[in-house]
Amino acid sequence: MRLAVTGLSRAGKTVFLTSLVANLLAAGQGARTLPALEAASGGRLRGARLVPAGTESTPRFDAAGHVAALAADPPRWPERTEDLSTLEITLDLAPASLLGQAREMVAGGRRVTLELLDYPGEWLLDLPMLAQSYADWSRGTLARLRRGRRAAAAAAFLDFVDALPDRVPDEDAIARHGYMLYRDALRTCRDELGFRFLQPGRALNPGPKGEAPILWFFPLPKPEEGGLAALLARRHAAYLADQRAAFFDPFFRRFHRQAVLVDALGALHAGEEAFDDTAEALAAIAAALRDGGGLFDMLTGQGVKRVAFAATKADHVPGRARDALVGLLGDLVGRDPAGPLGAATSVHAVAAIRCTEDDVAVLDGRPVAAVRGLLLEGGKAAKVYPGEVPLRRPAPDFWDHAFFEMPVFQPPRLAGDGRSGVPHLGLDALLTALIGDLL
Ligand code: GDP
C-alpha cells in the first residue's frame with residue numbers, strides 16, 4: 001500500500017513523517033499513541049517495524065535521525081528533507097475472525113506493508129502545468145507575477161522580459177539569463193514573501209538531476225512569437241515530459257493514498273496576498289487531483305483511493321480554532337462531494353508534534369482562548385493568543401484587523417527517546433481516514 005505525503009513547501013512534511021513513523025512503531029509496541037487508528041483496527045495491531053533498506057536507488061527517509069533530533073537535549077526540530085525519499089513499514093495484524101485465525105495458523109498473520117513516499121511540495125505544482133500549453137502557462141504565470149508584492153520581488157525579471165524586442169532569436173544565452181532572473185524571483189517570492197504558487201517545481205527544488213538545461217525556460221509576454229518563444233515552448237514541453245518520466249510515472253502513478261499538507265496558519269500569518277496565493281495553489285492542486293480533464297486518472301492508472309488534506313501545525317491555535325481551521329481548509333480545497341475520481345477526500349487539522357497546551361489569555365480585560373508552550377528561542381514559557389481563524393476564505397475586510405501570532409515553539413521533551421511515541425493532535429484521525437480500511 002503506497003502512501004504518498006506531500007505539502008506546499010515548508011508545510012511540515014518532515015516533521016509529519018517523523019511523527020507518523022515514530023507513532024506507528026510505538027503503537028506496534030502496544031503504546032496508545034494513535035487511539036482512533038487503534039479503534040479502527042479493532043485493537044488488532046500487534047507489531048510494526050521498519051523494513052531494512054533494499055537495493056533501490058531512491059534515498060531513504062531518515063526517521064531515526066529525525067527522532068534523535070527531537071529526543072536531544074534541548075529538543076531540536078529535524079532538518080528539512082529536500083528530495084524524494086521513501087521508507088517502508090510493515091504492520092502485523094491479528095486476524096479478525098475465527099476463520100482468519102485458522103488461516104493464520106496455516107499462512108502466518110496478516111501483514112500490511114506501508115510504503116511511505118515523501119516528495120517535494122514544489123513538484124506538486126507541476127501537476128496543474130501538465131494540462132497547459134506553454135502559451136497558456138506563460139499568460140497565467142506572468143499575470144500572477146505582476147500582481148501586488150510579487151511584482152516588486154520579480155522586478156528584475158519583469159523588466160527583462162518586458163524589454164525583449166519582438167521576435168527574439170532562439171539564443172541560449174538569453175534563455176539562460178532569463179531563467180536565472182526568473183528562478184531568483186521565484187526564490188524571493190517563496191523565501192521572503194511566503195508565496196507558494198510558483199512553477200516549475202524544479203526551478204525551486206531541482207532534485208537529483210540538478211539544474212539541467214531543460215529548466216531554462218520562463219514565461220514570455222508574447223509566448224507565440226519568435227525563435228526564443230519556440231525554444232522556451234520546447235523546453236517547457238521537455239521539462240513536463242521529463243517530470244512525467246522521472247517522477248509522475250514511476251512514483252506518482254503508483255500511489256494508492258495521498259496526504260497533502262498545507263500550512264494554512266502560516267499563510268494566515270503571512271498576510272492577505274500570501275494567503276490568497278496559497279489558496280490559489282491549493283485550488284489548482286485539488287482540481288488536478290480531482291480530475292484535471294482525466295489527467296490524474298491517466299497519471300495514476302489504478303487511481304488514488306483516498307486523499308486527505310491536512311492543515312498542519314494546528315497546535316498553534318486552541319481547540320475551537322482548530323475546528324475553524326478544518327472549515328477553512330475544506331473551503332480552500334473546494335470540498336467536492338464526488339472527490340477526486342470518486343476517491344474519498346477528507347480534511348483535517350493536525351499537529352504532527354504537539355508543542356502546546358490550550359490555555360486562556362486576557363485580551364482587553366476579557367478572557368480569550370490561547371495556547372501555552374516553550375518558545376524555541378530562549379526556551380521561555382509563553383502564552384500566545386494567535387488570533388481568529390476564519391471559518392472560510394476570509395473577505396477582504398478581514399485583513400484590515402487581522403493579526404496572527406505564530407512563534408516557533410520548542411518541541412516537547414520525549415519520554416523514552418521517542419520510542420513510546422510522540423505527542424500529536426489529530427494524526428490518528430487522519431491516518432484512520434487514509435488507511436483505516438486496510439487494518
Ligand atoms: P518541510 O519543509 O515541509 O519538511 O517542513 P518541516 O517538517 O521541516 O517543518 C518546518 C518547521 O515547522 C519545523 O521546523 C517546526 O518549527 C514547524 N512545525 C512543523 N510541524 C509542526 C507541528 O506539528 N507543531 C509545531 N508547533 N510546529 C511544527
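Structure data summary
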{"item": "Most fluctuating residue given options VAL51, VAL21, VAL362, as computed from a GNM of the chain linking Cα atoms under 10 Å", "result": "VAL362"}
{"item": "Prolate/oblate/rounded call for the chain, Cα gyration tensor, a/c under 1.5 rounded", "result": "oblate"}
{"item": "Rounded FRET efficiency, nearest 0.05, which uses the C-beta distance separating ASP323 from ALA96 and R0 of 35 Å", "result": "0.60"}
{"item": "Projected-area average for the stretch 129-246 over all orientations - Cα convex hull basis, square nanometres", "result": "6.6"}
{"item": "Residues ILE435, ILE353, ILE174 arranged by fewest to most Cβ contacts within 10 Å", "result": "ILE174, ILE435, ILE353"}
{"item": "Stretchable slack from GLN132 to GLU82, in nm (0.36 nm times residue separation minus alpha-carbon distance)", "result": "15.4 nm"}
{"item": "Charged-residue dipole, Cβ positions (Lys, Arg, Asp, Glu), the chain about Cα centre, Debye nearest 20", "result": "1100"}
{"item": "Packing rank of 180-188, 424-432, where each peptide gets the mean count of other beta carbons within 10 Å, highest leading", "result": "424-432, 180-188"}
{"item": "Helical contribution to [θ] at 222 nm, DSSP H n ≥ 4, -39,500 (n - 2.57), averaged over the chain, rounded to 500", "result": "-11500 deg cm²/dmol"}
{"item": "Label-to-label distance, nm, for residues given as LYS209 and GLU357 (7 Å Cα→Cβ offset)", "result": "5.2"}
{"item": "Degrees between helix 319-332 axis and first principal axis of the chain (Cα, 0 to 90, nearest 10)", "result": "40"}
{"item": "5 angstrom amide H check on HIS348, placed H, neighbours 5+ away", "result": "PHE309, ALA310, ALA311"}
{"item": "For the stretch 262-267, Karplus couplings with θ = phi - 60° (6.51, -1.76, 1.60), whole Hz, Gly/Pro x", "result": "9, 8, 5, 5, x, 5"}
{"item": "Span from the the stretch 369-403 Cα centroid across to the the stretch 169-214 one, whole angstrom", "result": "33"}
{"item": "Relative contact order of the chain, defined on C-alpha pairs under 8 angstrom at six or more residues apart (%)", "result": "21"}
{"item": "Net charge contributed by nearby residues that have their C-beta within less than 15 Å of ALA71 (K/R +1, D/E -1)", "result": "-1"}
{"item": "Peptide ranges 246-252, 217-223 listed from the most packed, as the mean C-beta count within 10 angstrom indicates", "result": "217-223, 246-252"}
{"item": "Nonlocal amide H pairs with VAL422, under 5 Å, H built at 1.01 Å", "result": "ASN23"}
{"item": "Relative contact order %, the stretch 129-246, counting alpha carbon pairs below 8 Å whose residues are six or more apart", "result": "37"}
{"item": "MET1, MET129 arranged by Cβ crowding within 10 Å, fewest neighbours leading", "result": "MET1, MET129"}
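Each reported figure results from applying straightforward, stated rules to the coordinates on display, with no laboratory input. As the structure is a prediction and not an experimental result, all values here were calculated from the model. Note that each Cβ is placed from the backbone with ideal geometry, even for glycine, and that neighbours are counted across all protein chains shown.
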